[in-house]
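**Q** Sharing a structure with you now.
Read-outs throughout are calculated quantities, based only on the coordinates presented, and are distinct from any laboratory measurement. All of these numbers come straight from a predicted model, not from anything done at the bench. Because the Cβ atoms are built from the backbone with ideal geometry, glycine has one as well, and the counts that use them run over all protein chains shown.
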Amino acid sequence: MPGKLKVKIVAGRHLPVMDRASDLTDAFVEVKFGNTTFKTDVYLKSLNPQWNSEWFKFEVDDEDLQDEPLQITVLDHDTYSANDAIGKVYIDIDPLLYSEAATVISGWFPIYDTIHGIRGEINVVVKVDLFNDLNRFRQSSCGVKFFCTTSIPKCYRAVIIHGFVEELVVNEDPEYQWIDRIRTPRASNEARQRLISLMSGELQRKIGLKVLEMRGNAVVGYLQCFDLEGESGLVVRAIGTACTLDKLSSPAALLPACNSPSREMKEIPFNEDPNPNTHSSGPSTPLKNQTYSFSPSKSYSRQSSSSDTDLSLTPKTGMGSGSAGKEGGPFKALLRQQTQSALEQREFPFFTLTAFPPGFLVHVGGVVSARSVKLLDRIHNPDEPETRDAWWAEIRQEIKSHAKALGCHAVVGYSESTSICEEVCILSASGTAAVLNPRFLQDGTVEGCLEPRLEENLPAGCGFCHIPYDELNMPFPAHLTYCNNCRKQKVPDVLFTTIDLPVDATVIGKGCLIQARLCRLKKKAQAEANATAISNLLPFMEYEVHTQLMNKLKLKAMNALFGLRIQITVGENMLMGLASATGVYLAALPTPGGIQIAGKTPNDGSYEQHISHMQKKINDTIAKNKELYEINPPEISEEIIGSPIPEPRQRSRLLRSQSESSDEVTELDLSHGKKDAFVLEIDDTDAMEDVHSLLTDVPPPSGFYSCNTEIMPGINNWTSEIQMFTSVRVIRLSSLNLTNQALNKNFNDLCENLLKSLYFKLRSMIPCCLCHVNFTVSLPEDELIQVTVTAVAITFDKNQALQTTKTHAEKLLQRASTDNEELLQFPLELCSDSLPSHPFPPAKEHLESASSNSGIPAAQRDRCSSWIELIKLKAQTIRRGSIKTTVTVEKASPMGEGNFRNRSAPPCANSTVGVVKMTPLSFIPGAKITKYLGIINMFFIRETTSLREEGGVSGFLHAFIAEVFAMVRAHVAALGGNAVVSYIMKQCVFMENPNKNQAQCLINVSGDAVVFVRESELEVVSAQQPAANCQPSCPGGEVTT
Amino acid sequence: MTSELDIFVGNTTLIDEDVYRLWLDGYSVSDAVVLRVCSGILEQTGATAAVLQSDTMDHYRTFHMLERLLHAPPKMLHQLIFQIPPSRQALLIESYYAFDEAFVREVLGKKLFKGTKKDLDDISTKTGITLKSCRRHLDNFKRVFKVVEEMRGSLVDNIQQHFLLSDRLARDYAAIVFFANNRFETGKKKLHYLSFGDFAFCAELMIQNWTLRAIDSQVDDMDMDLDKEFLQDLKELKVLVADKDLLDLHKSLVCTALRGKLGVFSEMEANFKNLSRGLVNVAAKLTHNKDVRDLFVDLVEKFVEPCRSDHWPLNEY
């Protein structure tokens, strides 16, 4: 009995009129936790009752504390008939269970009814007294912190990043139980809400146990999803990254972290360990690390037995080879061995993080993904959800082997998703294959000896671009060049990743949102036939989505994609693919070539003319985009290489022959049918359409930028105004024109119009950037397409961009491109001088991808396809030595300006009494997060039987989403917070039946409740700090600290 | 391809003041879109008409949801559904309760609860205000009237407290409520030249001086009703006309008070008897409800018109 939960009901306000005769309400409250219920007195005849109840005390297990929500029901007392429910409030008390978070939940909560929406508010105070339980065999995991944020939360430091944790629980969906036929919609909705709340509590507790087993104390990048499988049940699954976090508590440690993230980033990894020969790993951690004995990680995962076979695929490198200072040998290999040894202990070396502590990410291989089509069947025993577990294990296994093929031992930016239509379900997983620095992983012995090497061998800003695989034994034909930055390592020509742009990456110009959109019709079919049809379509969809992304990337004159997210949605009669990513120009990768159009019938004069006209248009667009996104790669790189950009067409032919001769191991080749990616052949109308659609994508109006990553590359002078929003659109396709082209056009228009609308609505915020733009597509019915967008608009200051707040990397870049600076870089130029003898084709681009059909027998009705991508780079190099000098030189000037900027910032913070900010980002511009209060994870159902009266579908959903926001804000405020970061609307399932005047909607949202302090308010404190702390702040940098 | 559903919900509720204005003015979505197109917004922003349509729809939906809260402004302050900065909230409320003087002039002193559809139709055609807007105006008046009707304390303060209006707007509402309560006739042709501002000024003076509170702020302080005793007292003013001495005394007192302040002093002095008689007669009749209603008509007939016929340059009251 290790916990006592105390609840007090204070008052209500704005209650609805329940008694028509008196226009008043006789309200009372039921407080329920587990199986215990308390009631308040009836407060007669008032719409603003003052109950001021005693403290209701529940004595409960901490297991229950974690699983159960506190349920508060407001009722209207009726002497003669049954009491009428006014509404309910569910309070997740999890945040009260760990010491650093909230201590009390107290505030006004909207009273929510699934039929009527919000009906007044209730003031509640909740407290928990927790007794320490030292029982080893406990089933609870109180104290493990959960974060939705996919980076190490601000004000914490990662001591160890343990790795992947996953869990799923299944249950019957109350909506499909027999009892649902006789109960009211309200009762059914409430049963569902309660069940899901209970299941997420249980899930979180189980994941917490796994984390404790791994000796971690937190889960970062926690992502929980629901699969509404209909008849076959309800699955709640979650993935996350287990970590051991240390709170940065001393103000000295806190302030630099907030005020000069870019600086901290550079210095911490290198300076923490002043003496390379000692074994200490930096402040506050060494002892702990040593004592953490190696826990055999198998124990925390259920599928351990199945995984053994697969592990043997990889060359096992013994622990010994990785141990301390072996001199000589290629560093990369050593590093890989060491990391591998640490990682191979894990079944799945996956990380849900998208941004990392400095030095964590060594190389990035490319995107790996896997999909599998499954037929749903009833889950017979909810306690043993083996089939679902096995499905996911299969997919993860595949991802892992793809990463292996890329010479990578880990997958970062990992995520999983499903799309369900009737009894067919597509499971997808994707991530970025990467080589990681073992310093942050569990293995304590490698520490110390690697660090100094790191320092010497990894030039900042380009290291992650270097290929992790063996050049002579490439997993697929790719075109490599020497890195434009360091000129020592090979880089691919294009890089696709699912992670955020690393802070130290050198980027030229600004980034932009790039989307590929695709629809494919599919015959209606049942069960197996349907699954087969979908499996057959998937590879083609992937291929085309890919081509589109590639072409659009080139059209923008960029060479890398970050935050790539490909969503394939299945409907009754079609499949939809939507890929979103943020394109950038990485300085380390080679300059992208243009797009060349080729026709098949060159004899026709007018046709030629047409083609050349198109070509001109494309070239113009590229030039325009270059200007728009300020992509001006420094010219020197060309000079050094000494060869003009080869004529692309010629190049492509060459390449073509290469790829034809090369023996493709995989069945499905995504490298564009062995044609070069950037030659478009417009020999049929289809291709013509493609070219047209390329050109019809309109850039955002001036003053607007958009990206789907946390921060916009190239913008970092954010001001404090933010506006988070959700926009939903549903279109009905007329069934007459259902051809692939018409469908594509409709879908394309839908997305483009949606974006245009957003730009128009937010025009008052110009100049601003839409960050973390997250599109979700669903196909609720035959002819309906639903697109949901959540994003945040952040204003930035145009003028200051030029003066003060350039990122570290940008500063360096600027320096590097000036003449004087070049002199400092003579060692680099010496070494690069030797390069021009090789005729590098820097302008050549191509995407090579390897993919595989997973070889799962068709008899098993599933088929996985996957692809892997690669890329290359080019850029300026700055050696470490010059970095240091530059930093010190630069420091003097921005200081004054930085202070000035802070002072001149609009004092808009003062009026924000009671305002709760929401953002999908992990930070709040112009502010410092001082405390994490706990995870917010809420699930709501709303139903109506008077759709027309509530303003139709739009009115209904508009009101519902506004109510969801209100309830999230109220919970955060009650926890004592003033913002939600990493907010995400994970699900928005909308169903309507206009004939019956009915509609239903399910929404699931999550995020981290935080307390933030404006930087202007912090200044008082920072003024007392040494001047060094007053560097211009750069929220962009904060993201990855 | 038809759009079934199209919504935008911001964490901070987005409010476009121009669209709010159009909504308050009672334009339909399509009319509002046309008006916005005319304002040249498409050229400024490079948007399309479809975007504008969707944006307008969205705002209208938001306003429609906000309307419920606008009916009880204090609720607006505490509600949790829409996150709106306080300054914005004040603006929303103020604009919602702001009114067109032309409309008020039509209904001033009328029984507010009888406004039939046909009446509103007539007013709408007459004033050029859309029917929807007329209805909002009238509903606002009714709502304010109903809330403060039975309330004690200063009328202006009550209105301000319950509707969070600015001082000026609250005073105007006080005047409207006062007129409606006393059913002063203002619609007669003779009174047409008087603006709402003129009446509001009168109402304020009357509230200050003629109501119960003006006599004794301790007891039963109601701003709404005229003080019966005071009216009774006014009856006794008849002596000012009946008794020659008193008439002279009154005249000399008034003349002393006004000497130098009035451009038409001599004319006034000459006509004093007539004017005074007119005023006193009006005042003496005020004990009857019907005569109270006709106060302004009578005043104009008996006092202002004679003055005007003498070409007084300004209207005195």
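**Q** Can you pull the mean other chain C-beta count within 10 Å for peptide A:964-976? Don't skip to the end; give the middle numbers.
**A** Values: counts 1, 9, 6, 2, 1, 4, 2, 0, 0, 1, 0, 0, 0.
So the per-residue partner count for this stretch is 2.
**Q** Per residue of A:917-924, count partner chain C-beta atoms within 10 Å of its C-beta, then hand back the mean as an integer. Intermediate results must be reported in sequence, preceding the final value.
**A** On the way: counts 3, 4, 1, 0, 0, 0, 0, 0.
Average per residue, whole number: 1.
**Q** Then there's this: Cut-off is 10 Å between beta-carbons; in what order do A:724, A:614 appear when sorted fewest neighbours first?
**A** Numbers: A:724 23, A:614 20.
Placing the least packed residue first, the sequence is A:614, A:724.
**Q** So how do A:97, B:194, B:77 line up by other beta-carbon neighbours within 10 Å, fewest first? Don't skip to the end; give the middle numbers.
**A** Working: A:97 23, B:194 17, B:77 13.
By the 10 Å Cβ count, ascending, the order reads B:77, B:194, A:97.
**Q** Continuing with the same structure: List, in the order given, every pair from A:88/A:986; A:552/A:617; A:552/A:616 whose Cα-Cα distance in the structure shown is over 18 Å.
**A** Numbers: A:88/A:986 23 Å; A:552/A:617 14 Å; A:552/A:616 16 Å.
Over 18 Å apart, Cα to Cα: A:88/A:986.
**Q** What order do you get for A:38-46, A:391-399, A:555-563 when each peptide is scored by the mean count of other beta carbon atoms within 10 Å, highest first?
**A** Values: A:38-46: 16.0, A:391-399: 22.4, A:555-563: 27.0.
Going by the mean number of other Cβ atoms within 10 Å, highest first, we get A:555-563, A:391-399, A:38-46.
**Q** Give the long-range amide H neighbours of residue A:921: residues separated by 5 or more places, or on another chain, with amide H under 5 Å away, using H modelled in the peptide plane at 1.01 Å from N.
**A** Amide H neighbours of residue A:921: A:982, A:983.
**Q** Now, a different point. Please rank A:113, A:493, fewest neighbouring Cβ atoms within 10 Å first, as an exposure proxy.
**A** Details: A:113 20, A:493 29.
Lowest to highest Cβ neighbour count: A:113, A:493.
**Q** Once amide H atoms are built 1.01 Å from N in the peptide plane, which residues 5 or more positions from residue A:368, or in another chain, come under 5 Å H to H?
**A** A:431, A:432, A:433
**Q** For the stretch A:1-44, give the magnitude of the charge dipole about the Cα centre (Cβ charges: +1 Lys/Arg, -1 Asp/Glu; no others), in debye to the nearest 20.
**A** Details: 7 positive and 5 negative charges, 75 e Å.
With only Lys, Arg, Asp and Glu charged at Cβ, the dipole is about 360 debye.
**Q** Take peptides A:949-956, B:125-132 and line them up by average Cβ neighbours within 10 Å, highest first, as a rough protection proxy.
**A** Numbers: A:949-956: 19.2, B:125-132: 14.4.
Result, highest mean Cβ count within 10 Å first: A:949-956, B:125-132.
**Q** Here is a follow-up. Between the stretch B:1-35 and the stretch A:952-978, how far is it from one alpha carbon centroid to the other, in angstrom?
**A** Cα centres, the stretch B:1-35 to the stretch A:952-978: 21 Å.
**Q** So who's got an amide H within less than 5 Å of the one on residue B:130, skipping anything under 5 residues away but keeping other chains? H placed 1.01 Å off N, in plane.
**A** Placed amide hydrogens put nothing under 5 Å from residue B:130.
**Q** Follow-up question, since we're still on this one. In debye, nearest 20, what is the charge dipole magnitude of the stretch B:42-123 about its Cα centre with +1 on Lys and Arg Cβ and -1 on Asp and Glu Cβ, if you could check? Let's see the in-between values first.
**A** On the way: 10 positive and 11 negative charges, 105 e Å.
Computed charge dipole of the stretch B:42-123: roughly 500 debye.
**Q** What average number of partner chain Cβ atoms lie no more than 10 Å from the Cβ of the residues making up B:44-52? Walk me through the intermediate numbers first.
**A** Values: counts 1, 6, 7, 7, 4, 0, 4, 8, 2.
Across B:44-52, the average partner-chain Cβ count within 10 Å equals 4.
**Q** Shifting gears a bit: Rounded to the nearest 0.05, what FRET efficiency do residue B:37 and residue B:198 have when you use their Cβ-Cβ distance and R0 = 60 Å? If you can, show how the numbers build up before the last one.
**A** On the way: r = 39 Å, r/R0 = 0.66.
Efficiency, rounded to the nearest 0.05: 0.95.
**Q** Packing-wise, with mean Cβ within 10 Å as the measure, how do A:964-970, A:942-948, B:44-50, B:102-108 rank, highest first?
**A** The packing order, highest mean first, is A:964-970, B:102-108, A:942-948, B:44-50.
**Q** Sticking with this structure for a sec: Counting Lys and Arg as +1 and Asp and Glu as -1, what is the net charge of the other residues whose Cβ lies under 15 Å from the Cβ of residue A:80?
**A** Taking every other residue near residue A:80 into account, the sum is -4.
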